[in-house]
Amino acid sequence: MLAVLSPAKSLDLEPSPRDLAPTQPALLDETLTLMKTARRLKPADLKALMKISDNLAELNHERFQSFSTPFTPDNAKPAALMFAGDTYAGLKATELDDEQLTWAQDHLGILSGLYGIVRPLDLIQPYRLEMGTRLATRRGNNLYAFWGDRIAKRINAMTEGHADRTLVVLASNEYAKAVPPKALAGGAVTMAFKEIKDGAPRVIGLVAKRARGMMARWMIEQRVDRREGLKDFDVADYAYRPDLSSDQEYVFTRAWRTAAGFV
């Protein structure tokens, strides 16, 4: 079984706090192809394409221009340690021990507009290129067309040998769209996290992002590798709701809490 997360816009560029055995992205050749297009874009093009500020456009232009291989610990960083933000605050990858990170390598992926999909210890260089970006290449008018079925094929390769090949979708809809369930050897199930507020279950964006990271961490800590085991997730008072769930989506709810630190 493999869980997938979305990447994050926020990045932690500090050197890795510990010595790890980093790996290389499996789809790096595709990334290099995509970079041929991305590097031709001027800051003004990036600003319009990604709807970002002048400063961010300049920064990302510089990052595209400085992109270089081979990736080493001196010019790149393991993906799970570079991405920051709400989901990765829930994952707390820096607190996972070596044994847990080794297990995560085979059971956790991070979807990416630039890298397709990476494992936690795969080295990446800083970037910003969301999967929904309408970046035209020879393959089509957006990144979904660029990646086609390549991400799904990579996921199938990652789950080969797993007793349960289900893809556990802990990613946003924008990224999940890059992996059609019909292309997967084991199908997919999406995790949804809702707060009971005013008597009704609601998705609270930032809170749901944190919960996705927490579930990924829980799966790593508990070595959850069967679909049925997902229903036991109970971190931060969440509980599986069979009445709200289906075979395609598992829903977890909890009472809304307004105090600080409710996630």
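Here are the numbers:
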| item | result |
| --- | --- |
| So Phe252, is it buried (at least 20 other Cβ atoms within 10 Å of the Cβ) and more than 19 Å from Pro7 (Cβ to Cβ) | yes |
| Filtered residues of the range 39-91 (kept if of a type in the set (Lys, Arg) and more than 22 Å from the chain's Cα centre (by Cα)) | Arg39, Arg40, Lys42, Lys47 |
| Selected residue (criterion: nearest to the chain's Cα centre (by Cα)) from residues of the range 1-38 that are closer than 28 Å to Met191 by Cβ and hydroxyl-bearing (Ser, Thr, Tyr) | Ser6 |
| Sole exception among (1) touching a Lys or Arg at 6+ places or on another chain (Cβ under 9 Å); (2) exposed (fewer than 11 other Cβ atoms within 10 Å of the Cβ); (3) closer than 22 Å to Trp147 by Cα; (4) not hydroxyl-bearing (Ser, Thr, Tyr) for Phe67, by number | (2) |
| Residue tally, condition within 26 Å of Ile155 (Cβ to Cβ) and out of contact with any Phe, Trp or Tyr (no Cβ under 7 Å at 6 or more places or on another chain), over the range 1-15 | 8 |
| Residue in the range 39-58 that is surrounded by the most Cβ atoms within 10 Å (Cβ to Cβ), counting only those that are assigned to a helix (DSSP H, G or I) and touching a residue at least 24 places away in the same chain (Cβ under 8 Å) | Met50 |
| Hits in the range 1-34 - residues which are of a type in the set (A, V, I, L, M, F, W, C) and assigned to a loop (DSSP other than H, G, I, E, B) | Met1, Ala8, Leu13, Leu20, Ala21, Ala26, Leu27 |
| Residue pairs meeting the criteria (Cβ under 9 Å; at least 6 apart or on separate chains; first over 22 Å from Arg223 (Cβ atoms) and part of a loop (DSSP other than H, G, I, E, B), in the range 108-122; second acidic (Asp, Glu) and at pLDDT 95 or above) | Gly113/Glu130; Tyr115/Glu30; Tyr115/Asp122 |
| Criterion (farther than 24 Å from Glu130 by Cβ and among the polar types (S, T, N, Q)) met by exactly one of Thr102, Thr31, Thr87 | Thr102 |
| Considering residues of the range 68-91 that are part of a loop (DSSP other than H, G, I, E, B) and touching a Ser or Thr at 6+ places or on another chain (Cβ under 6 Å) only, the residue modelled with the highest pLDDT | Ala84 |
| Within the range 187-214, considering residues that are in contact with a strand residue (DSSP E or B) (Cβ under 6 Å, 6 or more places away or on another chain) and not in a strand (DSSP E or B), the one surrounded by the most Cβ atoms within 10 Å (Cβ to Cβ) | Ala211 |
| Any pair with Cβ under 6 angstrom, 6 or more apart, that starts in the range 18-38 at a residue that is in contact (Cβ under 8 Å) with a residue 12 or more places away in the chain and ends at one that is surrounded by fewer than 17 Cβ atoms within 10 Å (Cβ to Cβ) and of a type in the set (Val, Ile, Thr) | Thr37/Thr137 |
| Residues located in the range 232-247, provided they are part of a helix (DSSP H, G or I), among the acidic types (Asp, Glu) and in contact (Cβ under 8 Å) with a residue 12 or more places away in the chain | Asp237 |
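So that you can scan it fast, the table gives a plain yes or no per residue for (1) more than 15 Å from Ala38 (Cα to Cα); (2) in contact with a Phe, Trp or Tyr (Cβ under 9 Å, 6 or more places away or on another chain); (3) polar (S, T, N, Q):
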{"position": "Glu62", "(1), (2), (3)": "no, no, no"}
{"position": "Asp86", "(1), (2), (3)": "yes, no, no"}
{"position": "Ala93", "(1), (2), (3)": "yes, yes, no"}
{"position": "Leu121", "(1), (2), (3)": "yes, no, no"}
{"position": "Gln125", "(1), (2), (3)": "no, yes, yes"}
{"position": "Thr137", "(1), (2), (3)": "no, yes, yes"}
{"position": "Asn141", "(1), (2), (3)": "no, no, yes"}
{"position": "Ile155", "(1), (2), (3)": "yes, no, no"}
{"position": "Glu160", "(1), (2), (3)": "yes, no, no"}
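The values are calculated or read from the model by the stated rules, or taken from the named source; none is laboratory data. Quick caveat: nothing in here was measured; it's all calculated off a predicted structure. When we count neighbours, we look across all protein chains shown, and the Cβ atoms used for this are built from the backbone with ideal geometry, even at glycine.
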